[in-house]
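K.L.:
Below you'll find the structure I mean.
The values are calculated or read from the model by the stated rules, or taken from the named source; none is laboratory data. A quick note: this is a predicted structure, and the numbers were derived from the prediction, not measured. Ideal geometry is used to build each Cβ from the backbone, glycine not excepted, and the neighbour counts take in all protein chains shown. Calculation scope for accessible area: heavy atoms of the full protein, side chains included, ligands and nucleic acids excluded. Shrake-Rupley method; radii C 1.70, N 1.55, O 1.52, S 1.80 Å.
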Amino acid sequence: MDQEKVIVIDFGGQYNQLVARRVRECNVYCEIYSYRTDIEQIKAMNPKGIILTGGPNSCYEENSPTYTKELFELGIPVLGLCYGAQLMMHVLGGKVEKAPVREYGKTDVYVNADSPLFEGVGTSVDRNDIPVLDVAPEMKEDHKSDDHHTVCWMSHFDYISKVAPGFSVVAHTADCPVATAQNREKNLYAIQFHPEVLHTQEGSRMLHNFVRGVCGCAGTWRMDSFVESAIHEIREKVGNGKVLLALSGGVDSSVLAALLAKAIGKQLTCVFVDHGLLRKNEGDEVEGVFGKNGSFDINFVRVNAQERYYAKLAGVTEPEQKRKIIGEEFIRVFEEEAKKIGTVDFLAQGTIYPDVVESGLGGESAVIKSHHNVGGLPDYVDFKEIIEPLRNLFKDEVRKAGLELGLPDYLVYRQPFPGPGLGIRIIGEVTAEKVRIVQDADFIYREEVEGAAAAYKEEHGEDPSWMPNQYFAALTNMRSVGVMGDERTYDYAVAVRAVRTVDFMTAEAAEIPFEVLQTVMSRIINEVRGVNRVFYDLTSKPPGTIEFE
Ligand code: XMP
């Protein structure tokens, strides 16, 4: 891809992907590479700028991740963040040591608005309100120009006690004499805090100042041009060949299907396996978009494998075994369909950039994690090559591309849905009857939560603070006594769950308003046969998981 780019060199920091995403929000293409990447490889990529991430180590300790000094002599602008900032100072002759005070959290920072990094950042403050630090006289001089105030996110044990030759201090906090240092002539910048984290109020502006200002990037990375060039590249690569795609109806595979459809039309066959564990109406929705009455001219095969799955799952209660059966059955069904189609030239996969990065430390490893919902598929399909047109995109970019391609909002903004589907939201044995219960309860729950959130947004212009990132109903395996009219009932309990999370690794129960939950409860009990109790799951993750099995 002939695209101006910025390289993020990853030192193992938890925010490595966030840095790259923020850069891309400045319409600048950005890739992450491990600190082990050879400098010749970096040079060959001809980056417009380089960003060094944070990391968990101390740069003055032996065997800590480092980088050759040559990196700072290429004439390419470099921005170090946290560990990256300390490393820059360490390598270039400054001093880094354990900080007398550990800074953590939102912190007032005073910046020099004449620095190219801080152009337009902060509000001017009275000099008397700015903390004076007990530091070397030359630093005190520098601190006099740090007269704009903003708020940053700090998280560090070590600090820069002395800047490298040629650098001056352009930001400080009450406890940190070097919150930012720069060597303007050489375009080297070292920021101790984390501009990539939203808690740094004007962090996006600072990164924008670096990539668009200092590095001079024009900002050509846009989803409309991505779609256009991806279509062009797919056509070049595929020629007259045939492409096969396992379409799950999730965001990634749907966007991929739409992209391939635009690029190669009928040369594409999408196989959509309805395993009977999808949400209510989902199978028909996917068929509505990609099937013969949809807006794409492709070969679409829907396999109605519900009965097959239910038969395989009959009597199985152990969660891992259920997952395994669902996964294996998917491969069997797909394999049969692929055989009918015969040899294809390409198998398309919906791998996206986080999958690539997570397969090794910052792109360090060449092994690509198989897309977890279609794991193992390549072994069973007769094809010549895999294509992964979305492998450079972050999830939010995949969504934007989906909108560009004309996919409906409800597909593009779908919440995550696990590959094994409702199979892991039904505790114990899966039966057609239980699937019906959980589908109907989940549909009501989503309808009510979506409705309440939309009403809030209409009134306040923003999502409510309780807006969950994932929410669904599950069917417990518990039956209990209740009354309905004059009748005694002995029915199932449905659990509803809603979590707020950033990365799905940790999560908290969302505070859905009680009246919404009450409506959900009464509608589920009245409208879904076989349910007489509704529980709200308050468990956070950890110790709970988001799914139930
Ligand atoms: P847990 O339950 O592990 O879920 O807290 C974290 C996130 O991952 C999703 N999830 C899956 N996604 N295949 C998937 O594609 C799976 O087997 C699977 N299991 C969990 C879950 O929905 C949540 O978003």
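K.L.:
How far is helix 395-404 tilted off the main Cα axis of the chain, in degrees rounded to 10, range 0 to 90?
P.N.:
The angle comes out at about 70 degrees.
K.L.:
To the nearest 20 Debye, how big is the dipole of the range 1-50 about its Cα centre, given +1 on the beta carbon of each Lys and Arg and -1 on that of each Asp and Glu?
P.N.:
Dipole magnitude for the range 1-50 comes out near 160 debye.
K.L.:
Hey, if you put +1 on the Cβ of every Lys and Arg and -1 on every Asp and Glu Cβ in the chain, which of PHE118, LEU244, LEU256 ends up farthest toward the positive end of that dipole?
P.N.:
Going by the Cα projections, it comes out as LEU244.
K.L.:
With 19 Å as the cut-off, how large is the P(r) tail for the range 392-451, expressed as percent of Cα-Cα pairs? The partial results should precede the final answer.
P.N.:
Numbers: 865 of 1770 pairs.
Above the 19 Å cut-off, the range 392-451 has 49 percent of its Cα pairs.
K.L.:
Using Cα-Cα distances under 8 Å and only pairs 6 or more residues apart, what relative contact order does the range 200-357 have, in percent?
P.N.:
Averaging sequence separation for qualifying contacts and normalising by length gives 25 percent for the range 200-357.
K.L.:
From Cα pairs below 8 angstrom and at least 6 apart in sequence, can you work out the relative contact order of the range 385-494, rounded to a whole percent?
P.N.:
The normalised contact order for the range 385-494 reaches 21 percent.
K.L.:
Counting only heavy atoms of the protein chains, get the accessible area per residue of the range 422-549 (1.4 Å probe) and round it to a whole Å² value.
P.N.:
For the range 422-549, the per-residue accessible area is 51 Å².
K.L.:
May I ask you to give the solvent-accessible area per residue for the range 1-70, in square angstrom, as obtained with a 1.4 angstrom probe?
P.N.:
44 Å²
K.L.:
Rounded to the nearest Å, what's the spacing between the alpha carbon centres of the range 292-317 and the range 229-280? Just the number, please.
P.N.:
17 Å
K.L.:
Roughly how many Å is it from the Cα centre of the range 514-542 to that of the range 38-82, as a whole number?
P.N.:
Cα centroid to Cα centroid, the span is 52 Å.
K.L.:
A follow-up question, please. Quick check: at a probe of 1.4 Å, how many percent of the accessible area of the chain sits on carbon and sulfur atoms?
P.N.:
47 percent
K.L.:
If you don't mind, another one. How long is the gain from TYR410 to LEU74 if the chain were fully straight, where each residue apart is worth 0.36 nm and the alpha carbon distance is subtracted?
P.N.:
Computed gain between TYR410 and LEU74 is 116.3 nm.
K.L.:
Per residue, how many Å² of accessible area does the range 193-317 show with a 1.4 Å probe?
P.N.:
Normalised by residue count, the accessible surface of the range 193-317 is 40 Å².
K.L.:
Under unit Cβ charges (Lys, Arg +1; Asp, Glu -1), what dipole magnitude, rounded to 20 debye, does the chain have relative to its Cα centre? Please list the in-between numbers first.
P.N.:
Numbers: 58 positive and 82 negative charges, 187 e Å.
Rounded to the nearest 20 debye, it is 900 debye.
K.L.:
Bin width 5 Å, origin at 0, all Cα-Cα pairs of the range 416-549: what percent of pairs per bin?
P.N.:
2, 10, 20, 22, 20, 14, 7, 3, 1, 0
K.L.:
Something else about it: In units of 2.2 N^0.38 Å, what is the alpha-carbon radius of gyration of the range 72-172?
P.N.:
Details: Rg = 13.7 Å, N = 101, 2.2 N^0.38 = 12.7 Å.
The range 72-172 yields a ratio of 1.08.
K.L.:
Going by average Cβ neighbours within 10 Å, how do the peptides 256-267, 429-440 rank, with the highest at the top?
P.N.:
Output ranking for 256-267, 429-440: 256-267, 429-440.
K.L.:
Taking the convex hull of the alpha carbon atoms in the range 454-494, what volume per residue do you get, in Å³?
P.N.:
111 Å³
K.L.:
What is the ratio of the Cα radius of gyration of the range 162-272 to 2.2 N^0.38 Å, with N the residue count, to two decimals?
P.N.:
1.74
K.L.:
Here is a follow-up. Between the range 155-170 and the range 405-471, how far is it from one alpha carbon centroid to the other, in angstrom?
P.N.:
Answer, in whole Å: 48.
K.L.:
Another question, then. Run the dipole for the range 4-161 about the Cα centre, Lys and Arg Cβ at +1, Asp and Glu Cβ at -1, nothing else charged, and hand back the magnitude in debye, nearest 20. Walk me through the numbers on the way to the answer.
P.N.:
On the way: 15 positive and 24 negative charges, 98 e Å.
Result for the range 4-161 is approximately 480 debye, rounded to the nearest 20.
K.L.:
Hey, can you grab everything whose amide H is under 5 Å from the amide H of VAL163? Only 5+ residues off in sequence or another chain; H modelled, so Pro and N-termini drop out.
P.N.:
LYS95
K.L.:
A further question follows. Pop out the ³J(HN,Hα) list for the range 377-386 in order, Karplus 6.51 cos²θ - 1.76 cosθ + 1.60 with θ = phi - 60°, rounded to Hz; leave Gly and Pro as x.
P.N.:
Values per residue, Gly and Pro as x: 3, x, 5, 10, 10, 8, 8, 9, 8, 9 Hz.
K.L.:
What are the residues whose amide H is under 5 Å from the amide H of ILE32, where those residues sit 5 or more places off or on another chain and H is modelled from the backbone?
P.N.:
VAL8
K.L.:
Something else: Cα-Cα pairs above 30 Å in the chain: how many percent?
P.N.:
58 percent
K.L.:
Please compute the contact order of the chain in relative form: average sequence separation of alpha-carbon pairs under 8 Å and at least six residues apart, divided by the residue count, as a percent.
P.N.:
This gives 11 percent for the chain.
K.L.:
Output wanted: per-residue J couplings in Hz (rounded whole) for the range 274-284, from phi through Karplus 6.51 cos²θ - 1.76 cosθ + 1.60, θ = phi - 60°, x for Gly and Pro.
P.N.:
With the stated coefficients, the range 274-284 comes to 8, 8, x, 10, 8, 6, 3, 6, 4, x, 5 Hz.
K.L.:
Restricted to Cα positions, what overall size does the range 218-315 have along the principal axes? Three whole-Å values, descending.
P.N.:
Cα extents, longest axis first: 59, 31, 25 Å.
K.L.:
Separate question: Restricting to DSSP loop positions (anything but H, G, I, E, B) with no more than 16 other Cβ atoms inside 10 Å of their own Cβ, which GluC sites (Glu not before Pro) remain in the range 492-525?
P.N.:
Values: sites: GLU508, GLU511, GLU515; in loops: GLU511.
Counting only loop positions with at most 16 other Cβ atoms within 10 Å, the GluC sites (Glu not before Pro) in the range 492-525 are GLU511.
K.L.:
Taking R0 as 56 Å, what FRET efficiency do you get between LYS339 and GLU119 from their Cβ-Cβ distance, rounded to the nearest 0.05?
P.N.:
For R0 = 56 Å, the calculated efficiency reads 0.35.
K.L.:
Dipole of the range 156-205 (Lys/Arg Cβ +1, Asp/Glu Cβ -1, origin at the Cα centre): which of VAL169, GLN192, PHE157 lies farthest to the positive side?
P.N.:
Looking along the dipole axis, the top candidate is VAL169.
K.L.:
GluC sites (Glu not before Pro) within the range 181-250: which are DSSP loop residues with at most 14 other Cβ atoms inside 10 Å? If you can, show how the numbers build up before the last one.
P.N.:
Numbers: sites: GLU185, GLU196, GLU202, GLU228, GLU233, GLU236; in loops: GLU185, GLU196, GLU202.
Taking the range 181-250 and a limit of 14 other Cβ atoms within 10 Å, the loop GluC sites (Glu not before Pro) found are GLU185.
K.L.:
Further, regarding this structure: Determine one quarter of the surface area of the Cα convex hull of the range 18-152, which equals its mean projected area, and express it in nm² to one decimal.
P.N.:
9.9 nm²
K.L.:
Going by a ≥ b ≥ c, the root eigenvalues of the Cα gyration tensor, does the range 292-337 fall in the rounded group (a/c under 1.5), the prolate group (a/b larger than b/c) or the oblate group?
P.N.:
Note, shape of the range 292-337 comes out prolate.
K.L.:
Suppose only helical runs count, i.e. DSSP H with n ≥ 4. What mean residue ellipticity at 222 nm does that imply for the chain under -39500 (n - 2.57) per run, divided by all residues and rounded to the nearest 500 deg cm²/dmol?
P.N.:
Roughly -9500 deg cm²/dmol at 222 nm, from the helical runs in the chain.
K.L.:
Provide the per-residue ³J(HN,Hα) series for the range 290-304, in order, calculated from phi with Karplus coefficients 6.51, -1.76, 1.60 and θ = phi - 60°, each as a whole number of Hz, with x at glycine and proline positions.
P.N.:
9, x, 5, 8, x, 9, 10, 9, 9, 8, 10, 10, 9, 9, 8
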